[in-house]
Amino acid sequence: MSKPYQVLGDLSSPGPFLFTCEHASNRVPDPYPISVSDRPLLEDHWGWDIGAAHLVRALVSELGGQAVLSDFSRLLVDPNRPVEADSLIVREIDGQVIDLNRNVDTDERDRRIGDFFEAYHGEVDRVGRARAELGRAFHVVSIHSFTPVYLGHVRAMEIGVLFDDFDEDAWHLQQALLQEEFVAELNEPYSGRGPGALIYSAQRHGHALGTKYLELEVRQDLIAAEGDARAVAARVGRALKDAFLPEGCGG
C-alpha cells in the first residue's frame, strides 16, 4: 500500500509554518471497493475538502516551510476527529448507508486507525520534530475548506480562523485577513472550542510540538481551481506573515 500522506518541501526549506491538510484527498486505495452509491459522496464535501490541497501547495510555494497532506478520503477515516468520536468513521449520511463503512467492525476500525489515521499523524509529528531539532521555529496551520451553501443558506463568509487557546493570535490573523479584503470571522463556520470542536489535528500537533496552532477554513469556490487558489494563497500568505512574523518566528 502506498503511503497515506504526501509531504511538500524539505528540511532545507525555510519558512515559519508547518501546514497540515487532513482532507486533501478523496482517494480510497485498494482493496477498498467504491460502490455506485458511494461515488457521489466521495466527489463532494463528504469525501474531501475541495480546493484545500491546491491552497496548501500554493502556500508552501509562497512561504516555504513544509506541509503534510493526507492521501485518503475522510470517508475511510477522518484524521481531523479524535478516535473516540462517532464521526471518525461515518456510517450514514442523510439517511444513506455508506457501503464503504457498512460492515466496519472493531478490527477494521483499528486497522484504518493504524494504516491511515496514525500513519498520517505520525508523519506530521516526524516532520515537526525534525524541523524543531534544526532550530526552525514554526506555527502549525491546518488548512480546510467549507461549502458555499449549507442547508440552503448562502455563506457570505470567505475565511474562518478556528482556535481555542490563542485568542490574540487569532484576532491578529483575522485583522490581517480583513486587510487583504477577505470576509473573515473567528471560530466560524465551525468552532475550535467546546464540545464538538473541529481543530483536532492542529491542537494535537501544536501541543505535541510545543508551538502555536490554528485552523483556517476557506470557502471552496474561492480555491477549487488551482489558479484561484494561487491568488488566494498570495493574500493569505501576506496575512499570515503580517500576523505572525513580528514575533520573530522565522525560517
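Readers should treat all values here as calculations from the given coordinates under stated rules, not as data from a laboratory. Since the model is a prediction, treat every value here as computed from it, not as a measurement. Here Cβ is always computed from backbone atoms with ideal geometry, including for glycine, and neighbour counts include all displayed protein chains.
Which net charge results for the neighbourhood of I93, defined as the other residues with beta-carbon distances under 12 angstrom from its beta-carbon, given Lys and Arg at +1 and Asp and Glu at -1?
Around I93, the surrounding residues sum to -3.
Quick check: residue separation of L151 and T106 times 0.36 nm, minus the Cα distance between them. What number comes out in nm?
The L151-T106 span can extend by a further 12.9 nm.
Please compute the net charge surrounding Y190, taking Lys and Arg as +1 and Asp and Glu as -1 over other residues with Cβ under 9 Å from its Cβ. Intermediate results must be reported in sequence, preceding the final value.
Details: positive: none; negative: E188, E215, E217.
With Lys, Arg at +1 and Asp, Glu at -1, the neighbours total -3.
Using only the Cα atoms, work out Rg/Rh for the stretch 81-188, with Rh taken as the Kirkwood radius, to two decimals.
Rg/Rh for the stretch 81-188 comes to 1.06.
What is the extension gain from I34 to A132, computed as 0.36 nm multiplied by their sequence separation minus the C-alpha to C-alpha distance, in nm to one decimal? Display every interim value, and only then the final one.
Working: separation 98, 0.36 × 98 = 35.28 nm, distance 4.00 nm.
Residue separation times 0.36 nm, minus the Cα-Cα distance, leaves 31.3 nm.
Can you give the Rg/Rh ratio of the chain, where Rg is from the C-alpha atoms and Rh is the Kirkwood radius?
Here Rg/Rh amounts to 0.95.
Once the Cα atoms of helix 167-179 and of the chain are each reduced to a long axis, what angle between those two axes, in degrees from 0 to 90 to the nearest 10, is obtained?
80 degrees
Restricting to DSSP H runs of at least four residues, report the calculated mean residue ellipticity at 222 nm for the chain, -39500 (n - 2.57) per run over all residues, nearest 500 deg cm²/dmol.
Roughly -10000 deg cm²/dmol at 222 nm, from the helical runs in the chain.
Once you list every other residue whose beta carbon is under 14 Å from the beta carbon of E226, what net charge do they have if Lys and Arg are +1 and Asp and Glu are -1?
Charge balance in the 14 Å sphere: -1.
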